[in-house]
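Quick notes on the structure that follows.
The values are calculated or read from the model by the stated rules, or taken from the named source; none is laboratory data. All values reported here derive from a predicted model rather than from experimental measurement. Glycine also receives a Cβ, built like all others from the backbone with ideal geometry; neighbour counts cover every protein chain displayed.
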Amino acid sequence: MISLQEPGFIEYIGYKVVVLGHHNADPDAVGAAQGIRELVERLKPDVFVEVVMPDDISRLSTYIIDGLGLDIVERTQAQFDTIVIVDSGGLNQLGEWGKIVLDHEGVKILVDHHTLEDEISKNLDFIVHDESASSTCELVSRLFDDYHLIPTDMTSKALLAGIIFDTKYLSIGNQKAFQTVSKLLQNIGDISEVRSLLYQENDVSERIARLKTAQRTELHRFKDWVVVFSEVGSFQASGARALVSLGADIAIVLGSDKDMMRASLRSSQSFYGQTGLHLGEMISAISETFSGAGSGHPTAAGFNGSGDLNEFKKAILGKIQERIG
């Protein structure tokens, strides 16, 4: 059974639960996972819950985890009957857990706001999904409301950090997003501590990667829109954000490791507003051709898979040209 309605979520939860985020977990994945853990533990106190962020956790997310004292691991040997996936629209974003999810015979639940890949959505028992939501943390906060619970101070901060991160520090978002922010602020009183968790100086390796990203830029112009590609070995997302801040309307930063290809895409809010080109939907459509998975938001998306970098660029340019000429 697949449901798109939030009430009923807890009825699907077993007694040994793993809450699973995506690789290179960002603050939205971390906050949503912490929220699900607390919600399950409070509604079913006899349930064992472990939170896993597979493969790696971003440096910023590690800072938040340490700052709030969250219990999150990258690997587990625990047995489980229920998997709750948060903030991941595709199995390929789960690393080695992608196959584990496919093979799992117990309950599989997803809480997410990205465009969903067919492969993941057809293998689930219950879905909490809303693409209009600002973040997965917003959806988890709504689940607390559904069950008439107020998240603790620690969880409220984790949820708020995820919302702030995914709304680009509250620069985008609809009425529901800001209503959720207001409710969370009622719990913690002040936003300053959460903002401080999200502020971190880039270390020298990330600064070098950002500079290399700019140095290797390949520029394309469509009418008055500027589309840029670059390649760098690490910090692709940071590099893409840097290129947009420098003036690109769309930035696609690619990287490869052995046979695997990854890409981080960013666009300006004005570009999305005027063209309607949704990066998450675009990369989801392209990913089918490149044996991978891609998903994301209107102005931020990611891809992991295999294939030729030049062919990947051509596919993206084709989609952009279809949209804006």
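Here are ILE127, ILE120: which of them is modelled with pLDDT under 95, in contact with a strand residue (DSSP E or B) (Cβ under 8 Å, 6 or more places away or on another chain) and not in a helix (DSSP H, G or I)?
Details: ILE120 fails: not in a helix (DSSP H, G or I).
Residue meeting the stated conditions: ILE127.
Residues are listed down the side, and each one gets a yes or a no for (1) β-branched (Val, Ile, Thr); (2) closer than 19 Å to ILE316 by Cβ; (3) in contact with a Cys (Cβ under 7 Å, 6 or more places away or on another chain); (4) crowded, with 22+ Cβ neighbours inside 10 Å:
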{"site": "LYS183", "(1), (2), (3), (4)": "no, no, no, no"}
{"site": "GLY189", "(1), (2), (3), (4)": "no, no, no, no"}
{"site": "GLU201", "(1), (2), (3), (4)": "no, no, no, no"}
{"site": "VAL226", "(1), (2), (3), (4)": "yes, yes, no, no"}
{"site": "ALA240", "(1), (2), (3), (4)": "no, yes, no, yes"}
{"site": "ILE250", "(1), (2), (3), (4)": "yes, yes, no, yes"}
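State all residues of segment 278-322 that are charged (D, E, K, R) and in contact with a Phe, Trp or Tyr (Cβ under 9 Å, 6 or more places away or on another chain); if no residue qualifies, say none. Walk me through it before giving the result.
Looking only at segment 278-322, we keep the residues that are charged (D, E, K, R), and these are 281, 288, 308, 311, 313-314, 319, 322.
Once the filter is applied, which keeps residues that are charged (D, E, K, R) and in contact with a Phe, Trp or Tyr (Cβ under 9 Å, 6 or more places away or on another chain), segment 278-322 yields ASP308, GLU311, LYS313.
If you check LYS108, LYS99, LYS44, which single one turns out to be touching a Leu at 6+ places or on another chain (Cβ under 7 Å), without any contact (Cβ under 8 Å) to a residue 60 or more places away in the chain and basic (Lys, Arg)?
Values: LYS99 fails: touching a Leu at 6+ places or on another chain (Cβ under 7 Å); LYS44 fails: touching a Leu at 6+ places or on another chain (Cβ under 7 Å).
Sole residue among the options that is touching a Leu at 6+ places or on another chain (Cβ under 7 Å), without any contact (Cβ under 8 Å) to a residue 60 or more places away in the chain and basic (Lys, Arg): LYS108.
Yes or no: segment 273-293 includes at least one residue that is surrounded by 23 or more Cβ atoms within 10 Å (Cβ to Cβ), β-branched (Val, Ile, Thr) and in the same structural domain as LEU254 (by TED's automatic domain parsing).
yes
One line per residue, one yes/no per condition, for (1) among the polar types (S, T, N, Q); (2) closer than 15 Å to ALA32 by Cα:
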residue	(1), (2)
THR136	yes, yes
ASP146	no, no
ALA161	no, yes
GLU201	no, no
ARG210	no, no
THR217	yes, no
HIS220	no, no
PHE229	no, no
PHE235	no, no
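Could you list, in sequence order, all residues of segment 130-164 that are part of a loop (DSSP other than H, G, I, E, B) and aliphatic (A, V, I, L, M)?
Of the residues in segment 130-164, the ones part of a loop (DSSP other than H, G, I, E, B) are 130-135, 147-152.
Within segment 130-164, ALA133, LEU149, ILE150 qualify.
For segment 47-101: of the residues being buried (at least 19 other Cβ atoms within 10 Å of the Cβ) and among the aromatic types (Phe, Trp, Tyr), which is farthest from ASN202 (Cα to Cα)?
PHE80
In this structure, does LEU277 turn out to be in a loop (DSSP other than H, G, I, E, B) and under 22 Å from HIS129 (Cβ atoms)? First the steps, then the outcome.
Numbers: in a loop (DSSP other than H, G, I, E, B): yes; under 22 Å from HIS129 (Cβ atoms): yes.
Taking the combined requirement at face value, the residue satisfies it.
Suppose we filter GLY296, GLY305, GLY325 for residues that are under 22 Å from ALA29 (Cβ atoms), surrounded by fewer than 23 Cβ atoms within 10 Å (Cβ to Cβ) and at pLDDT below 90; which single one remains? Steps first, answer last, please.
Numbers: GLY296 fails: surrounded by fewer than 23 Cβ atoms within 10 Å (Cβ to Cβ); GLY325 fails: under 22 Å from ALA29 (Cβ atoms).
On inspection, the qualifying residue turns out to be GLY305.
Condition (residue is hydrophobic (A, V, I, L, M, F, W, C), modelled with pLDDT under 85, touching a strand residue (DSSP E or B) at 6+ places or on another chain (Cβ under 9 Å) and farther than 22 Å from GLY325 by Cβ) applied to segment 263-274: is it met by at least one residue? Show your work before the answer.
To start, the set of residues in segment 263-274 that are hydrophobic (A, V, I, L, M, F, W, C) comprises 263, 265, 271.
Filter once more, keeping what is modelled with pLDDT under 85: none.
Checked segment 263-274: no residue is hydrophobic (A, V, I, L, M, F, W, C), modelled with pLDDT under 85, touching a strand residue (DSSP E or B) at 6+ places or on another chain (Cβ under 9 Å) and farther than 22 Å from GLY325 by Cβ.
Go through segment 102-129 and give me each residue that's closer than 16 Å to GLY292 by Cα and surrounded by fewer than 20 Cβ atoms within 10 Å (Cβ to Cβ).
Once the filter is applied, which keeps residues that are closer than 16 Å to GLY292 by Cα and surrounded by fewer than 20 Cβ atoms within 10 Å (Cβ to Cβ), segment 102-129 yields LEU102, ASP118, GLU119, SER121.
Looking only at segment 136-163, filter to residues that are without any contact (Cβ under 8 Å) to a residue 60 or more places away in the chain and buried (at least 24 other Cβ atoms within 10 Å of the Cβ); which one of those is nearest to ASP87 (Cα to Cα)?
That would be GLU138.
Any chance you could count how many residues in segment 35-66 are out of contact with any strand residue (DSSP E or B) (no Cβ under 7 Å at 6 or more places or on another chain) and farther than 21 Å from ALA237 by Cβ?
Within segment 35-66, residues that are out of contact with any strand residue (DSSP E or B) (no Cβ under 7 Å at 6 or more places or on another chain) and farther than 21 Å from ALA237 by Cβ number 8.
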